[in-house]
Structure formats: C-alpha cells, structure tokens
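Take a look at the structure below.
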Amino acid sequence: MPLDAPQINAVNRMLRELGRSGLNFYKSHSYLPWRRLALHHKSIDNDSALQALLPSQARMAGDLDGKSIPLEPSKGANNAAAFLRVDWDFNKTPWMLKYYIILYYGAAAGGEPQLGLSFRLEQPEGGGVHDYWHLQMCRSVAADRATAVRACHVLLPDSYPAFPLDASDAVSLTASIALAMAGRTGLVGLVSVLNGNGSIQSGLRQRYDHAIA
C-alpha cells in the first residue's frame with residue numbers, strides 16, 4: 001500500500017527541521033572543504049528550496065532532484081561536514097524510503113577532506129539477506145553512482161556488516177537520523193516538531209522512552 005498521509009506529513013516536518021538546523025549551522029561555522037563538498041553533493045542552500053524538494057503528498061516519489069540536505073555534524077564539530085540524501089517512492093507497494101548520511105572530517109592540503117564516510121539507512125529488502133531495517137556503509141550515494149564519497153577508502157565494505165535499526169516505519173527510520181547524529185538531544189528536538197501528530201509523536205516517545213526521558 002502507498003504510505004499514508006500522517007506518516008508523509010511527519011517525515012516532511014522532521015526532514016525540514018533537520019535541514020533548517022543544518023542550514024543555520026553552516027552559516028556560522030567555517031569548514032575549509034565545505035564549499036567544494038557542498039558543490040559536489042549539490043547541497044540545498046536555502047529554506048524555500050528545502051521545502052519545495054522534500055517528500056510530501058505533492059511529491060510522492062523523488063530524490064531531492066539529486067540534491068542533498070545539509071546536516072549539522074555530530075556535536076557541532078567545527079572540522080566536519082554532513083549531508084543527507086533521500087530516495088523515496090511512496091506510491092509503490094510496498095512504499096520505499098532510503099536515506100544516505102554522508103560525513104566528512106578534517107582538512108587536507110588543497111581543501112580536500114581527510115576522511116569521508118557514508119551510511120545508508122534502509123527498510124527490509126523483501127525476502128533477501130537484509131530483510132530487516134538496517135544500516136550499511138557505502139562508497140557512493142543513492143542511484144547516482146557518479147557521486148562518490150570523497151576521501152573514502154576504496155576497500156570500505158558496502159554490503160556487510162548490516163546493522164539492525166530500531167525502526168518499523170517511515171517516521172522511526174527518519175528518527176534514526178537524529179539519534180545517529182545527535183543522540184538524545186537530536187531526538188527530542190525532532191519529536192517536538194510533531195505537535196499535532198498525536199499518535200505518531202506518542203508512538204515515537206514510547207519507542208524511544210529510554211532516550212527521551
């Protein structure tokens with residue numbers, strides 16, 4: 001079945017909050033490779049563009065037009081950058097939602113990062129060996145295999161290990177991003193934007209009561 005409207009609206013609001021936090025962070029922090037990386041990953045650079053590209057009931061399938069959402073690095077690191085790519089098709093049966101978190105650390109000569117990492121967060125793969133909610137490392141981003149993760153080791157494994165995620169729907173998969181990037185503080189902030197989505201908000205609080213309390 002297609003993804004239902006309350007889940008779509010919640011995912012939209014959560015991604016908007018993550019994106020706005022990222023946009024605000026990079027306005028006030030300087031990271032030497034940022035400009036080059038933002039161009040490479042086609043980072044969204046303003047709030048109106050962010051809102052127009054996010055998954056919604058008007059955009060039931062897409063990939064942010066090949067762009068990425070700027071994320072605030074874990075613990076607000078000055079010498080780091082983070083991006084989020086999204087692929088989704090809420091009309092499919094079953095619906096599809098996939099996230100890529102791209103992380104960069106340090107600055108080498110010439111403005112290149114010293115280390116690049118990427119992780120994809122996925123739903124069960126329909127009877128395959130990864131038929132559970134999981135996270136894997138990867139060397140390139142989404143269907144656009146030309147967008148390699150810079151400063152990423154060529155031997156980085158991109159099939160195993162596949163770490164199980166505490167997720168069961170689109171909203172809890174999205175919440176996993178906040179937990180991964182900012183722990184309890186990030187999760188509390190993301191859940192707070194869901195006021196008005198009572199059952200979804202209470203469901204997240206119940207699932208992650210140990211992290212929110």
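Tabulated results
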read-out	value
The chain, helix-only ellipticity at 222 nm - DSSP H runs n ≥ 4, -39,500 (n - 2.57), divided by all residues, nearest 500	-11000 deg cm²/dmol
Surface accessible to a 1.4 Å probe, per residue, for the residues of the chain, Å²	47 Å²
Ratio of the Cα radius of gyration of region 5-211 to 2.2 N^0.38 Å, where N counts its residues	0.98
Packing-based order for 51-64, 12-25, using average beta carbon neighbours within 10 Å, highest first	12-25, 51-64
Within region 58-88, backbone nitrogen closer than 14 Å to the virtual label 7 Å beyond the Cα of Ala52 toward Cβ	64-67
Cα-projected label distance for Lys42 with His210, points at 7 Å along beta-carbon direction, nm	4.0 nm
Contact order relative to length of the chain, as percent, for alpha carbon pairs under 8 angstrom and 6 or more apart	18 percent
Aspartates and glutamates with Cα under 14 Å of Lys27, excluding same-chain neighbours fewer than 8 positions away	Asp45, Asp47, Glu72
Whole-percent carbon and sulfur share, accessible surface of region 5-211, 1.4 Å	53 percent
Interchain or long-range residues, amide H under 5 Å from Leu71's placed H	Ala82, Phe83, Leu84
Potential extension, Met1-Gln114 segment - 0.36 nm per residue separation minus Cα distance	36.3 nm
Hits among lysines - C-alpha to C-alpha of Lys98 under 25 Å, sequence gap 8 or more where chains match	Lys42, Lys67, Lys75
Sequence of Cys152, Cys138 when ordered by accessible area, the most exposed leading, probe 1.4 angstrom	Cys152, Cys138
Accessible-area value, Leu117, 1.4 Å probe, nucleic acids and ligands omitted, Å²	40 Å²
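The values are calculated or read from the model by the stated rules, or taken from the named source; none is laboratory data. Model, not experiment: these values are computed from the prediction. As a convention, Cβ positions derive from the backbone with ideal geometry for all residues, glycine included, and neighbour counts pool all protein chains shown. Ligands, DNA and RNA are excluded from the accessible area calculation, which covers all protein heavy atoms including side chains. Shrake-Rupley method; radii C 1.70, N 1.55, O 1.52, S 1.80 Å.
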